[in-house]
1. Along the Cα-to-C-beta direction of Ala12, a point sits 7 Å from the Cα; which residues of region 37-60 have their amide N less than 16 Å from that point?
2. With a point put 7 Å past each Cα toward its Cβ, work out how far Lys87 is from Met1 in nm, to one decimal.
3. Along region 64-76, what does the Karplus equation 6.51 cos²θ - 1.76 cosθ + 1.60 (θ = phi - 60°) give for ³J(HN,Hα), rounded to whole Hz, x for Gly and Pro?
4. If I take every Cα pair under 8 Å that is 6 or more residues apart in region 2-93, average their sequence separation and divide by the length, what percent do I get for the relative contact order?
5. With springs only between Cα atoms under 10 Å apart, run a GNM on the chain and tell me which of Ile40, Ile89, Ile75 wobbles the most.
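We did not get these values from a lab; they are worked out from the coordinates using the rules stated. Predicted, not measured: the structure shown is a model, and the values here were computed from it. Neighbour counts run over all protein chains shown; Cβ positions are idealised from the backbone, glycine included.
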Amino acid sequence: MVGHYTKFTTRAEDRTRLASLLSQAAAAMGKLAGCKLYEIALDATDSAVTVVNEVWTDESAHDESLQTEAAETLIAQAMPLMVAPSKQIRFGSIVADWLD
């Protein structure tokens with residue numbers, strides 16, 4: 001499993017529109033076999049920030065999701081709303097055997 005935590009910054013008045021686009025993305029990604037989680041959250045302290053938490057079976061599943069027509073369309077609609085580049089943290093599976 002791999003994941004991404006991505007922070008998107010818009011103008012405060014555009015956040016609702018971005019959240020709507022990301023909700024459409026969540027519905028589309030949720031239909032893909034490799035998507036385990038696609039969660040959208042609004043930052044409670046910054047009215048311009050929206051975050052997405054994604055979990056995928058592997059990086060190739062995520063890469064393939066970005067090539068879908070739905071993703072390409074939604075990305076094209078979301079990009080003009082951004083006032084700063086998105087910031088992404090990538091993470092992989094947590095190996096828990098060292099806890100024993």
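1. Of the residues in region 37-60, 42-50 have backbone N under 16 Å from the label point off Ala12.
2. So the label points at Lys87 and Met1 sit 2.5 nm apart.
3. So the J values, rounded to whole Hz, are 5, 4, 6, 8, 6, 4, 4, 5, 4, 5, 5, 4, 4.
4. Reported relative contact order: 47 percent.
5. Checking each option, the largest mean-square fluctuation is seen for Ile89.
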